[in-house]
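Throughout, read-outs are computed from the coordinates displayed, never taken from laboratory work. All values derive from a computational prediction rather than experimental measurement. With ideal geometry, Cβ positions are generated from the backbone for all residues, glycine too; neighbour counts draw on all protein chains shown.
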Amino acid sequence: MRGGPLRRWRWLHEWSSLACTLFLLILCATGLPLIFADEIEGTPDHAPAPVTASLDQIVVQHGTDPSFVRVASDEGRVYLGERRGGRPLLFDGRTGEPTNAGAAKPPGVVDILLALHGELLAGLLGRLFIAIVGLTALISIISGVVVYAPFASDRPFGDIRKSRGRPLAWLDRHNVAGIAIAAWLTVVAVTGFMNAIEKPLFTLWRAQIGGFLPKIAAGGKAIGPDQALSSARAAAPDMLFETVIFPGPAPGIAGYYLVWGEGTRPLTSRLTAPVAVNAANGAAVGNGALPMPWYLRALDVSRPLHFGDYGGLPLKMIWALLDLVAILVLGSGLYLWAARRRRRRSPDRVGLSDQTHMSEAAE
Amino acid sequence: MSRRAQSSLLAVWGWPLSLAMLTLLGLISALIGGAGIWRWLSWISLALPLPVIALRFRNSRKRRPDHARSRPS
């Protein structure tokens, strides 16, 4: 490929990259420590006591308009979220007493990094913006792979022309590093996009599942979260349930508790699904968990593939190094753009773009 | 496709495609495996692009004469 189409791909690569590079640098910089979120937050030095406290009692005593309770077995704690938003309240899993003197857990460094990385501190709008950044990054990666072919056609893989000026050497480095991690970059961009549109996906799913569930009168809430949880456990004994969403508007569904759980085998442990429990009589709908649409399954798989936290500490370190290579590709791309601009302005010198076009013309 | 076009296709895409396949293999094997051989497979195959990049970068320090390249430009 040469001439017009190639010029158009180059143009696409240049401008799609320019549009998202600054944000991608922020995402790479905040994502790097987030890979080690578990290590930063620390794990309890002893196994926590199993959660035995009554969820009903916690909700009755401390909830005003609860949206969810979560049994965090790995922490030995219970979280209570309110519909008005804000950070969830914490309770001791054994006694049901509030920890932190009944106040919400103050946001830690990981929470702040997540708010920066996931929504640029701008809430839902920030999430959608990041989704657009992810798509732009994908365009930049694809166009980068396309323009790699004519670049690489007349030299061995990874040949770096050190003796012909700094920009040309950095063009070669940008290309070899970029193409070597292109698959990883693509996966991280796509899964990052999926995570960013998580909320719209769930809104879509709730609208679909609302039509699927038998209609029952809203507001007839006779059972508490404890019974909803045990109904779900009885309906799907091979799953691990932690989160009970109260009936009502988002994130819930009118008339039903949604009890979210996950599989317990290696292959299913990342696949989440809820059991819908009739809030009036405690009966679970259907056999076990609700069937999940493909886009929520894709979201389940997207989480580990984006965070890199699913293969032990070595995988996290590899993820961090790949992230550093991504920063190198972004930084060198920015440098190359600036160097080309500078040379275009002083036409008396043979510029980088002229040199790359010269090697192309020799074909 | 002529033999020459085939060999140049391989020359351009051989390395990138192998590294991409290794990356995908690594990502999937870590998803499959709770422990053991799958994890090792994922670590090795996902990490491989890193030494490849490092080696190429390092080789550039050795001043490679320009005429080593096949085509005049």
Exercise. What does the charge count near A:LEU89 come to, summing +1 for each Lys or Arg and -1 for each Asp or Glu among other residues with Cβ under 12 Å from its Cβ?
Worked result: +1
Problem set entry | Using alpha-carbon coordinates, inclination of helix A:198-212 to the longest axis of chain A, degrees | 50
Exercise. By average Cβ neighbour count within 10 Å, what is the ranking of A:64-76, A:168-180, B:42-54 from highest down?
Worked result: A:168-180, B:42-54, A:64-76
Exercise. What do you get for Rg/Rh over the stretch A:184-324 if you use C-alpha atoms and the Kirkwood form of Rh?
Worked result: 1.05
For this session: Would you mind giving the mean number of other chain beta-carbons within 10 Å of the Cβ of each residue in A:153-166, as a whole number?
Result: 5
Exercise. How far, in degrees from 0 to 90, does helix A:166-180 lean away from the longest principal axis of the Cα atoms of chain A, to the nearest 10?
Worked result: 40
For this session: Write down Rg/Rh for the stretch B:19-60, rounded to two decimals, with Rg from the C-alpha atoms and Rh from the Kirkwood relation over Cα pairs.
Result: 1.12
Seminar exercise, completed: The rounded separation in angstrom of the Cα centers of the stretch A:237-296 and the stretch A:15-73 is 20
Seminar exercise, completed: Once normalised by the length of chain A, the mean sequence separation of its alpha carbon contacts under 8 Å that are 6 or more apart gives a contact order in percent of 17
For this session: Among A:PRO304, A:PRO156, A:PRO314, determine the one that fluctuates most according to a GNM of chain A built with springs between C-alpha atoms less than 10 Å apart.
Result: A:PRO156
Exercise. If the cut-off is 28 Å between C-alpha atoms, which lysines fall inside it for A:LYS162, apart from same-chain ones fewer than 8 positions away?
Worked result: B:LYS62
Problem set entry | Between helix A:312-345 and chain A: long-axis angle, C-alpha atoms, 0 to 90°, nearest 10 | 40
